[in-house]
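The values are calculated or read from the model by the stated rules, or taken from the named source; none is laboratory data. Given the structure is predicted, the values throughout are model-derived calculations rather than measurements. In this analysis, Cβ positions are derived from the backbone assuming ideal geometry, glycine residues included, and neighbour counts consider all displayed protein chains. Protein only, heavy atoms only, side chains kept; ligands, DNA and RNA dropped before computing areas. Shrake-Rupley method; radii C 1.70, N 1.55, O 1.52, S 1.80 Å.
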Amino acid sequence: MNFRKKYSKVTVLAAMIHGVIIGVAAVAIVGFIIVGTSGKGKQQAVEKDAVTESVEKPGETVTTSGPDADPVTEQPLKLVAKQHGVFSSAASAAVFIAEDAALAKAAVIESQGQFYVWSAVGLDESEFEVSEAEGSFRKPFYADTSACSAAGAGKLKKALSETALSQIKTLTVAGTDGLEDEKSAEFRKNIIAVTAFSTDLKIIRLQLLSHYTHKDGCVKIGF
């Protein structure tokens, strides 16, 4: 049997033209794909360089943490204590104070499970003298009072920072609007009591810290 099939010249010519068109189209498509992939690769490379390239300018400091990172947060107050000893229990610290008449106005301050015997608190080291003979030395520390507003002692940091007794005593006067709440009234009474106990600002600061680190626990002591 003869399986050959005869085609006219027109049919053969049409087939050839069709084949050429398909070939050209295929080459164009492949070309577009190559160009597109190459362009995308270059764009990704540029984007990667933009991410990894340092943008820090000469002489510029970038702050990621610390006091300057969050200006809204209340910063702890830096103070200096006159320290006489440190004990593992409040009872031992109290016995130490009771055995020395010179420590009649001293107080016990707790921090991180330790109990410190302090007799004065100043804004800087020049406010009191220390001596090896009495076994005292200066102990810098930080008082964080940020939690005291909830205890009605939002003005405690102001009281600790004052350099004149008259300024502290302004906190003993009740407001004239009659809107003072119970907690604020309690704080005012504590200021009245401590200024009656002593007129020495170093002792006033110490007693306020003693009260608000123990009874109310709103002050956190750190070193």
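So that you can scan it fast, the table gives a plain yes or no per residue for (1) small (Gly, Ala, Ser); (2) surrounded by fewer than 17 Cβ atoms within 10 Å (Cβ to Cβ); (3) in contact with a helix residue (DSSP H, G or I) (Cβ under 6 Å, 6 or more places away or on another chain); (4) farther than 25 Å from Ser161 by Cα:
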| residue | (1), (2), (3), (4) |
| --- | --- |
| Gln83 | no, no, no, no |
| Ser89 | yes, yes, no, yes |
| Ala93 | yes, no, no, yes |
| Phe96 | no, no, no, yes |
| Glu99 | no, yes, no, yes |
| Ala104 | yes, yes, no, no |
| Ala107 | yes, no, yes, no |
| Gly113 | yes, yes, no, yes |
| Val117 | no, no, yes, no |
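Among the residues making up region 165-223, those that are open to solvent by 40 Å² or more (accessible area, probe 1.4 Å) and among the β-branched types (Val, Ile, Thr) are Thr170, Val173, Thr176, Ile192, Thr199. Do we have any residue at all in region 142-162 that's in contact (Cβ under 8 Å) with a residue 60 or more places away in the chain, of a type in the set (Phe, Trp, Tyr) and under 16 Å from Ser119 (Cα atoms)? No; the residues of region 142-162 include none that is in contact (Cβ under 8 Å) with a residue 60 or more places away in the chain, of a type in the set (Phe, Trp, Tyr) and under 16 Å from Ser119 (Cα atoms).
Output yes when any residue across region 70-92 is part of a loop (DSSP other than H, G, I, E, B) and modelled with pLDDT under 50, and no when none is.
Just the residues of region 70-92 that are part of a loop (DSSP other than H, G, I, E, B), to begin with: 70-76, 88-89.
Narrowing the set further to residues that are modelled with pLDDT under 50 leaves 70-71.
Yes, the conditions are met somewhere in region 70-92.
Annotation: of all residues in region 174-192 being among the hydrophobic types (A, V, I, L, M, F, W, C) and at pLDDT below 90, the one that is farthest from Leu79 (Cα to Cα) is Leu179.
Considering only residues that are among the hydrophobic types (A, V, I, L, M, F, W, C) and in a loop (DSSP other than H, G, I, E, B), look in region 123-153 and name the one that is most open to solvent (accessible area, probe 1.4 Å).
Within region 123-153, the first condition is being among the hydrophobic types (A, V, I, L, M, F, W, C), and the residues that meet it are 123, 128, 130, 133, 137, 141, 143, 147-148, 150-151, 153.
From the residues that got through so far, the ones that are in a loop (DSSP other than H, G, I, E, B) too are 123, 128, 130, 133, 147, 153.
Numbers: Leu123: 50, Phe128: 14, Val130: 45, Ala133: 107, Ala147: 57, Ala153: 1 Å².
Per the criteria, the residue is Ala133.
Taking the criterion of being touching a helix residue (DSSP H, G or I) at 6+ places or on another chain (Cβ under 9 Å) and either in a helix (DSSP H, G or I) or not small (Gly, Ala, Ser) (or both), the residues of region 207-223 that qualify are Gln207, Leu208, Leu209, His211, Tyr212, His214, Asp216, Cys218, Val219, Lys220, Ile221.
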